[in-house]
1. Restricting the first residue to the range 433-445 and requiring it to be among the charged types (D, E, K, R), which pairs with a second residue that is at pLDDT 75 or above and not in a helix (DSSP H, G or I) meet a Cβ separation below 6 Å and a spacing of at least six or different chains?
2. For residues that are touching a residue at least 60 places away in the same chain (Cβ under 8 Å) and closer than 15 Å to Pro236 by Cα, scanning just the range 306-324, find the one that is surrounded by the most Cβ atoms within 10 Å (Cβ to Cβ).
3. Do you know which residues across the range 84-102 are of a type in the set (Asp, Glu), assigned to a loop (DSSP other than H, G, I, E, B) and free of Cβ contacts under 8 Å to residues at least 40 places away in the same chain?
4. If you check Leu391, Leu349, which single one turns out to be without any contact (Cβ under 8 Å) to a residue 24 or more places away in the chain, among the hydrophobic types (A, V, I, L, M, F, W, C) and surrounded by fewer than 17 Cβ atoms within 10 Å (Cβ to Cβ)?
5. Ala119 passes all but one of (1) more than 19 Å from the chain's Cα centre (by Cα); (2) in the same structural domain as Leu177 (by TED's automatic domain parsing); (3) surrounded by fewer than 19 Cβ atoms within 10 Å (Cβ to Cβ); which number fails?
6. Restricting attention to the range 22-72, which residues are hydrophobic (A, V, I, L, M, F, W, C), out of contact with any helix residue (DSSP H, G or I) (no Cβ under 7 Å at 6 or more places or on another chain) and assigned to a loop (DSSP other than H, G, I, E, B)?
7. Is it the case, given these coordinates, that Ile260 is hydrophobic (A, V, I, L, M, F, W, C), under 15 Å from Ala167 (Cβ atoms), more than 22 Å from the chain's Cα centre (by Cα) and at pLDDT 95 or above?
Amino acid sequence: MYSDQFDSLYPIEKLKRRRGIEITAVDQGSLGYEIGLEKGDRILTINGRKLRDYIDFQFFTGSEEELKLEVEKTSGERWDLDVDIEEGEIWGLDFETFMPRQCANECLFCFCEMNPPEARASLFFRDEDIRLSFLHGNYTTMTNMSRDEINRIVEQRLSPQYVSVHATDLEVRRHLLGRDRIDDVLDKMRYFTEHGIELHAQIVLCPKINDGKHLEKTIFDLVTLYPGVQSAAIVPLGLNKHHKRRHLLTPVTSEWSTEIIDQVTPWQQKFQREHGTRFAFLGDEFYLRANRALPGKAHYEQSPQIEDGVGMVRRFVDDFKKMLKRRKKPFSRSIRGTVATGTLFYPILKQTIVEFNNSFGTELKPIAVVNDFFGDETTVAGLLSGRDFLLAKNEMFGDFLVLPPECVSGDKERFLDDMTLPQLAEKLAIPIYKEGWKSIFALME
């Protein structure tokens with residue numbers, strides 16, 4: 001799903017594909033300023049090579065001392081500039097963002113198919129862009145990758161890349177991606193690893209489709225590419241009431257989550273012995289749904305895919321314990337308020353809040369907010385909307401509300417339903433803090 005963060009960075013409704021890249025700012029006294037570049041100018045080519053985006057500019061100018069630039073001025077005039085770069089000189093240029101490439105697959109489990117009809121247009125945008133994978137860790141299936149993109153990844157060292165694998169059985173993967181033709185993702189991944197590109201794999205696990213023997217094949221196929229493929233994240237299917245293809249999918253259950261943990265754990269132990277890494281990491285949701293104890297910090301190693309919900313809860317718990325150790329004395333004043341989260345994470349939050357209240361004499365109330373915007377089957381905190389918090393108003397207590405930091409983002413501070421943080425605060429008539437535990441500790445001072 002195209003998040004609010006990316007909607008701010010790459011506004012799809014405003015971006016248009018044009019030749020070259022536009023300069024959006026020039027630092028005074030910089031090399032760009034000295035050679036006459038101005039805001040609004042477009043750099044078309046460098047040493048005869050066309051520019052597709054600012055990554056090209058950084059690559060083409062990164063190791064050259066003499067450059068020839070073709071520039072289109074705001075007036076329409078064309079300039080050919082010969083530039084000698086001296087040691088220590090900086091360009092001092094900012095550039096427009098690029099138009100992300102859109103996915104051409106029709107994945108059975110795609111979250112863009114689960115948006116409410118009234119959701120904003122950008123939430124329906126399915127990005128499939130190797131640049132976003134390199135810059136931000138977005139996943140691509142590599143099915144729509146051109147030879148030019150393959151060559152670019154290798155030439156420009158756009159590493160690491162994050163790959164939505166889901167299954168290595170060709171027919172199972174074709175079915176999951178909603179494609180007419182099969183696509184051998186392992187062949188592409190093998191090519192990249194042979195050329196020194198680091199990869200991380202993702203598997204969205206769908207009951208009765210790519211689990212069981214298919215999951216085993218996928219993981220054991222991928223580990224043959226280690227260390228080129230550094231990790232594989234296994235995360236469960238998400239479903240909600242809006243999903244257009246939910247009749248083709250089986251919901252995740254606690255029993256199934258338990259089976260997956262029991263299946264994957266011996267593999268992790270085997271890989272640890274043979275390769276010095278567990279390699280395959282399960283999403284936090286498996287442990288929470290199965291009511292299993294979370295693995296320790298060491299289990300997640302370098303947390304290579306934490307943004308995919310793998311090890312995020314463990315980090316939260318450990319960070320909380322560190323904060324408790326740093327703060328010994330009680331608050332100097334009464335602290336009474338509500339701390340909200342999604343229904344999945346609520347048991348963990350409740351435990352930490354009880355410990356916190358007992359340690360510091362605070363009166364904090366944890367609440368589990370039900371997701372009305374996407375549907376109550378959507379249980380993660382990051383997908384809660386402003387409307388959801390508003391509907392939970394009667395459960396709130398005290399003088400303030402603390403939100404999970406991942407549910408509101410961007411300069412506009414808006415939720416997924418377009419309600420902004422100030423609008424929610426006005427409707428609830430209480431102060432709202434969006435930084436989780438950081439907000440609570442700030443209130444202590």
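1. From the range 433-445, the pairs are Lys434/Leu403; Lys434/Val408.
2. That would be Val310.
3. Glu86, Glu87
4. Leu391
5. Result: Ala119 fails condition (3) only.
6. Once the filter is applied, which keeps residues that are hydrophobic (A, V, I, L, M, F, W, C), out of contact with any helix residue (DSSP H, G or I) (no Cβ under 7 Å at 6 or more places or on another chain) and assigned to a loop (DSSP other than H, G, I, E, B), the range 22-72 yields Ile35, Leu37.
7. When the stated conditions are applied, Ile260 passes them.
So that you can scan it fast, the table gives a plain yes or no per residue for (1) surrounded by fewer than 21 Cβ atoms within 10 Å (Cβ to Cβ); (2) of a type in the set (Ser, Thr, Tyr); (3) out of contact with any Lys or Arg (no Cβ under 9 Å at 6 or more places or on another chain):
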{"position": "Glu274", "(1), (2), (3)": "yes, no, yes"}
{"position": "Phe281", "(1), (2), (3)": "no, no, yes"}
{"position": "Asp284", "(1), (2), (3)": "no, no, no"}
{"position": "Asn291", "(1), (2), (3)": "yes, no, yes"}
{"position": "His299", "(1), (2), (3)": "yes, no, no"}
{"position": "Pro304", "(1), (2), (3)": "no, no, yes"}
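The values are calculated or read from the model by the stated rules, or taken from the named source; none is laboratory data. Since the structure is predicted, the reported quantities are computational estimates derived from the model, not experimental observations. Note that we place each Cβ from the backbone using ideal geometry, even for glycine, and neighbour counts take in every protein chain shown.
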